[in-house]
Amino acid sequence: MSVPGDDDHHRTLQVHPEACPEVIDAAYAALREIVLRDESDDAPRRLAALMRAHRALILAARGVPPGPS
């Protein structure tokens, strides 16, 4: 199932479009740790983008239709 912005979400989490939920979760966890250690002013925006991408891709992988943005 695809959701609007899927390409951006896959790029954000650096995963293949056919990645399984376990790969999506692992990528999110690894990238989140990197961003949490980042003290730059951009870190909060990057963390929010990771969270949005993870939620969208995990819900899509589980077959949950996207809700309103």
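The values are calculated or read from the model by the stated rules, or taken from the named source; none is laboratory data. None of these values were measured; they are calculated from a predicted model. Here the Cβ is made from the backbone with ideal geometry for all residues, glycine too, and neighbour counts use every protein chain on show. What goes into the accessible areas is simple: the full protein's heavy atoms, side chains included, and nothing from ligands, DNA or RNA. Shrake-Rupley method; radii C 1.70, N 1.55, O 1.52, S 1.80 Å.
Could you check how much of the accessible area of the chain is carbon and sulfur, as a whole percent, using a 1.4 Å probe?
Details: 2630 of 4810 Å².
Carbon and sulfur: 55 percent of the exposed surface of the chain.
Could you give the size of the charge dipole of the chain about its Cα centre, using +1 on the Cβ of each K and R and -1 on the Cβ of each D and E, expressed in debye and rounded to the nearest 20?
On the way: 8 positive and 11 negative charges, 41 e Å.
It works out to roughly 200 debye.
Give me the accessible area per residue for the chain, probe 1.4 Å, as a whole number in Å².
Normalised by residue count, the accessible surface of the chain is 70 Å².
How are the alpha carbon pair distances in the chain distributed across 10 Å bins from zero to the largest one, expressed in percent?
Result returned by the calculation: 22, 53, 22, 3.
Once you place label points 7 Å from the Cα toward the Cβ at residue 45 and residue 8, how far apart are they in nm?
1.2
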